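This report concerns only the one structure given below.
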Amino acid sequence: MLAKKKPIVLCLMGPTASGKTDLAIALAQAFPIEIINVDSAQIYQGLDIGSGKPALSIRQQIPHHLMDFLDPALAYSAAQFCQDAKEIIADILQRNKLPVLVGGTMLYFKALQQGLSVLPNADPSLREQLTQQAQIQGWLALHQQLQNIDPVSASQIRPSDPHRILRALEIYYLTGKPKSYWVSQPREEVSPFKFINISVEPIISPRAELHQRIAVRFNAMLEQGFVQEVAKLQARGDLKPTLPAIRAVGYRQIWQYLLGEISEENMKANVIAATRQLAKRQLTWLRHWQDVMRFDFQAEQLVTEVVQTMKKFTCF
């Protein structure tokens with residue numbers, strides 16, 4: 001008996017500012033698609049300009065999911081993303097549409113396609129205890145604590161990343177085993193979907209072209225009111241710079257600027273530098289991705305080439 005073919009799900013990946021969103025919108029002219037957001041900043045309400053959300057008019061024309069739905073005071077995990085994305089993919093397929101996942105949060109893509117390690121849920125009391133310890137000793141001391149008990153995880157987490165330090169320590173104290181042990185364990189069940197991975201990135205074009213696009217896009221965001229957007233979030237009074245939403249690239253630096261911690265000139269330089277670093281990390285993820293078709297992000301016939309490639313896999 002022939003095995004039933006798995007339904008196709010398209011994943012558009014790539015570094016920030018590579019044109020993933022524009023490509024996805026162009027694909028809507030060729031296929032009956034619905035888009036699922038895979039950007040950890042675009043999930044948040046009020047993070048519009050700096051996260052690069054498509055215009056509301058476009059979202060009204062092409063269905064977008066997992067975008068602009070979560071209050072920035074809340075956290076959202078890769079496990080939650082997987083659960084939500086699987087349900088939405090199934091719904092889209094029921095409507096005989098093509099699910100297209102678009103974004104640059106590579107951890108979300110990896111978790112969805114390769115499964116998640118079995119990790120304990122957050123423990124509020126333990127987190128509060130560790131946070132109080134950090135307030136007294138500093139996050140550098142907690143990072144050193146992590147280095148002593150889990151050097152593998154510590155090498156992958158910056159001392160300036162309190163959220164990940166907290167989570168890694170929490171996992172150790174809850175289970176007695178380091179996070180690096182758990183992530184090496186067998187993953188969940190095989191996915192019921194066939195993922196077609198397409199990446200738009202610098203291949204023929206120099207990486208300097210991507211850096212230039214990052215700078216141009218950031219300046220456009222400033223003109224659109226990026227600083228005012230962050231000021232509005234800050235004015236709420238309940239948001240802290242340690243929250244995932246406020247730690248997003250651009251938001252963190254402008255938050256510091258509005259508090260008077262850095263100058264406007266330094267803020268602009270820091271945002272561009274942090275965005276370049278983000279792009280570099282995304283490209284590192286993609287370089288190790290085994291099953292991906294790569295297209296140059298500045299190719300003249302990019303849309304045509306991707307459409308022709310997709311027609312090989314779909315019945316639309």
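Computed from the coordinates by the stated procedures, all read-outs in this text should not be read as laboratory data. Quantities reported herein were computed from a predicted structural model and do not represent experimental measurements. We place every Cβ from the backbone using ideal geometry, glycine too, and count neighbours over all the protein chains shown.
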Residues Ser40, Ser18, Ser57, Ser117 arranged by fewest to most Cβ contacts within 10 Å:
Ser57, Ser117, Ser40, Ser18
So what is the 222 nm mean residue ellipticity for the chain from helices alone, if each DSSP H run of at least 4 adds -39500 (n - 2.57) and you divide by all residues, rounding to the nearest 500 deg cm²/dmol?
-15500 deg cm²/dmol
Rounded to the nearest 20 debye, what is the charge dipole size of the chain about its Cα centre when +1 sits on each Lys and Arg Cβ and -1 on each Asp and Glu Cβ?
760
Could you order the peptides 219-229, 195-205 from most to least packed, using the average number of other C-beta atoms within 10 Å per residue?
195-205, 219-229
Specify which residue in the list Thr284, Trp255, Ala231 is farthest towards the positive end of the charge dipole of the stretch 172-316, using unit charges on the beta carbon of Lys, Arg (+1) and Asp, Glu (-1), about the Cα centre.
Thr284
Flagged links, alpha-carbon separation over 29 Å, of Lys53/Lys86; Lys86/Lys232; Lys5/Lys110
Lys86/Lys232
On full extension of the chain, what length is gained from Gln29 through Val152, given 0.36 nm per residue of separation minus the C-alpha to C-alpha distance?
39.7 nm
Cα-Cα pairs in the chain separated by more than 26 Å, as a whole percent of all pairs, come to 51
Report the semi-axes of the equivalent ellipsoid for the stretch 36-150 in whole Å, largest first, where each axis is √(5λ) for an eigenvalue λ of the Cα gyration tensor.
34, 18, 12
Once the mean 1/r over all distinct Cα pairs of the stretch 158-307 is inverted, what Kirkwood radius in angstroms do you read off?
18.8
Mean-position separation - Cα centroids, the stretch 123-161 and the stretch 22-92, in angstrom:
32
Assuming R0 = 25 Å, what is the FRET efficiency of Trp182 and Glu128, from their Cβ-Cβ distance, to the nearest 0.05?
0.65
Give the Rg (one decimal place) followed by the Dmax (whole number) of the stretch 1-84, computed from C-alpha coordinates and expressed in Å.
14.6, 52
Which of Cys315, Cys11 has the fewest Cβ neighbours within 10 Å, and the rest in rising order
Cys315, Cys11
Which residue, Pro241, Pro32, Pro120, has the most motion in a Gaussian network model of the chain that connects Cα atoms within less than 10 Å?
Pro120
So for the stretch 124-183, taking the charge dipole from beta-carbon charges (+1 Lys/Arg, -1 Asp/Glu), which of Pro178, Asn148, Gln129 sits furthest toward the positive end?
Pro178
Gaussian network model of the chain, Cα within-10 Å springs - most flexible of Gln42, Gln234, Gln253:
Gln234
I'd like the FRET efficiency for Arg207 and Leu107, computed as 1/(1 + (r/R0)^6) with the beta carbon distance as r and R0 of 22 Å, rounded to 0.05.
0.50
From fewest to most C-beta neighbours within 10 Å, the residues His163, His143 line up as His163, His143
The stretch 106-192 - Rg and Dmax from Cα coordinates, angstrom
13.8, 48
